[in-house]
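This report concerns only the one structure given below.
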Amino acid sequence: MPAADLSADHLFDLYRRMKTIRVFEDTCVAAHKAGEIPGYIHSSAGQEAVPVGVCAVLTREDRITSTHRGHGHGLAKGADLERMMLELYGRVGGLCGGKGGSMHVADFSVGMLGANGIVAGGIPIAVGAAQGLRLFGSQAVVACFFGDGAVNRGPFMEGLNWAAVYGLPVLFVCEDNTFSAFTHSSTTTAGPGPLARAQACGVAGERVDGNDVIAVRAAAERLVGEMRAGGGPRFLWCRTYRFSGHVSIDPATYRKQEDLDAALKRDPLLVTRGQLGDAAAADAIDAEVEAEIARVQDIARKAPYPPRAEAFDDVQDIGSPAVEAAR
Ligand SMILES: Cc1ncc(C[n+]2csc(CCOP(=O)(O)OP(=O)(O)O)c2C)c(N)n1
């Protein structure tokens, strides 16, 4: 059933964005396994409804911070698909000049402040960004994506506390995909869960079905509305599941087949298809998205690598005093 207050066009747009993330992730995992993309790929397949639902209520001026599993966050916030693919391939024209790769993708032009390989590393960045925005008199808000593993790290506590003390407009979005890398989170996390920890810091929030983009969008709309009205930080706990292993080469033998089977039945793309109620239109979107990803992958495959002479340009710390002195 489509949500009564959302137009069909908007619902189709949400579906298209989710499908784009799914095909992008699957394509990049395959390209990594084929030796085309260096480094590792942390796929967010299965979690698409979270960034798409949240970013649907953000403006271009609003900012987001991300994680090691960040492609979907960037694409949902409006990062350019072709430049994202070029970045993962390490080529000229990539969002970070081809030098950042999967775990450092950033696109400040759309408010995407960067993926981050440090678990919970995006939390203080989001809080600092919100404080900076306030100092500059901006009305923009910040959405901060992180995994359920991040709630066991110190920056989670420090970030939520700071945001609450200063009443900063940060939406803390916990993408609870059940696992922290290869470990079931129930074995590492004490207490009743992420939302209770946020509430202990005075940060109000909601728990939502993270596979239902309409539900995520509605919850984010409520919470961001309260933030824009001056309510301070809010927390959104999204229950979801990642379909892939932790990284592209992880066969995920640590999880139960019946858990995966149950999760696949609640695939966010299937859920949204059901809500759309128009399989032919959804099929047409699927075909368009697949053609578009094939197009940008072809461009990335043919693009040049950054020139050797520019290897140290735009790089903050080159790690070698000798090279630094010669610059
Ligand atoms: C500070 C820190 N400790 C450990 C790691 C290694 N590590 C990478 S991902 C990960 C698990 C993160 O779990 P979660 O936050 O739930 O995100 P998910 O991978 O499930 O999306 C760990 C422990 C790291 N990158 N940073």
Within the stretch 111-148, count every residue that is in a helix (DSSP H, G or I), of a type in the set (Val, Ile, Thr) and within 16 Å of the ligand (Cβ to nearest atom).
2
List the residue pairs whose Cβ atoms are under 7 Å apart, where the first residue sits in the stretch 162-191 and is at positive phi and touching a residue at least 60 places away in the same chain (Cβ under 8 Å), the second is of a type in the set (S, T, N, Q) and within 16 Å of the ligand (Cβ to nearest atom), and the two are 6 or more positions apart or on different chains.
178/185
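I want to confirm something. Restricting to the stretch 161-179 and keeping residues that are under 19 Å from the mean Cα position of the chain (by Cα) and among the hydrophobic types (A, V, I, L, M, F, W, C), which single residue is nearest to the ligand (Cβ to nearest atom)?
179
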Which one is surrounded by the most Cβ atoms within 10 Å (Cβ to Cβ) among residues in the stretch 101-110 that are within 16 Å of the ligand (Cβ to nearest atom) and assigned to a loop (DSSP other than H, G, I, E, B)?
105
Of the residues that make up the stretch 205-215, is at least one within 16 Å of the ligand (Cβ to nearest atom), in contact with a strand residue (DSSP E or B) (Cβ under 9 Å, 6 or more places away or on another chain) and at pLDDT below 95?
no
Looking at residue 235 and the list (1) more than 16 Å from the ligand (Cβ to nearest atom); (2) closer than 18 Å to residue 131 by Cα; (3) in contact with a helix residue (DSSP H, G or I) (Cβ under 8 Å, 6 or more places away or on another chain), which single condition is not satisfied?
(1)
Within the stretch 1-53, count every residue that is small (Gly, Ala, Ser), crowded, with 17+ Cβ neighbours inside 10 Å and part of a loop (DSSP other than H, G, I, E, B).
4
Pair list, Cβ < 8 Å and 6+ apart or interchain, from the stretch 101-129 residues that are under 19 Å from residue 151 (Cα atoms) and modelled with pLDDT under 95 to residues that are within 16 Å of the ligand (Cβ to nearest atom) and among the polar types (S, T, N, Q):
116/65; 116/66; 116/67
Taking the condition of being crowded, with 18+ Cβ neighbours inside 10 Å, aliphatic (A, V, I, L, M) and within 30 Å of residue 244 (Cβ to Cβ), how many residues in the stretch 158-181 meet it?
4
Odd one out for residue 84 among (1) over 25 Å from residue 230 (Cβ atoms); (2) more than 16 Å from the ligand (Cβ to nearest atom); (3) without any contact (Cβ under 8 Å) to a residue 60 or more places away in the chain
(3)
Scan the helices (runs of 4 or more DSSP H) fully inside the stretch 169-280 and keep the ones with 1 or more residues being within 30 Å of residue 37 (Cβ to Cβ).
213-226, 257-265, 268-276
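The values are calculated or read from the model by the stated rules, or taken from the named source; none is laboratory data. Note that this is a predicted model, so its numbers are computed, not measured. Positions of Cβ are backbone-derived with ideal geometry, glycine not excepted, and every protein chain shown enters the neighbour counts.
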